[in-house]
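Working notes, beginning with the structure itself.
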Amino acid sequence: MISDEIRRLHELHQAGALTDAEFEQAKAKVLASERINLDKDGGAGTGFGPPPGSIEAKFRTMRRPRRDRWLAGVCGALSSAFGMDIYAWRLVFVLLTLVTTGIGALAYLALWIFVPEE
């Protein structure tokens, strides 16, 4: 992990094995390599993002499709992210809206706002 590497560099610096300039260069190199890793996998698996396959990772990669949409494509995005049929998601939102006096509609609206389009 990046924190372990920086901790080791700090210990070497404190022990006098690295000069100030060498410590700063090594730290910058570790941070730069970590930024490259984050760019490649979106933060998954590096300790900074959610683990691959988790619900949070699925939400982060979710995109509203331009096809399979009735209103905004929220159900299509949920369908592709979680592997559940699109009609089941539509039924969930309708039932939540009817049973919970509008919570389903508010959730749909929030997803419409926060989930980007393809």
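Just so it is clear, none of the values below were taken in a lab; they were calculated from the coordinates. Quantities reported herein were computed from a predicted structural model and do not represent experimental measurements.
Assorted remarks:
- For segment 86-101, backbone phi angles converted through the Karplus equation (6.51, -1.76, 1.60; θ = phi - 60°) give residue-by-residue couplings of 4, 5, 5, 5, 4, 5, 4, 5, 5, 5, 4, 5, 6, 7, 9, 6 Hz, Gly and Pro being listed as x.
- Nonlocal amide H pairs with residue 64, under 5 Å, H built at 1.01 Å: 117, 118
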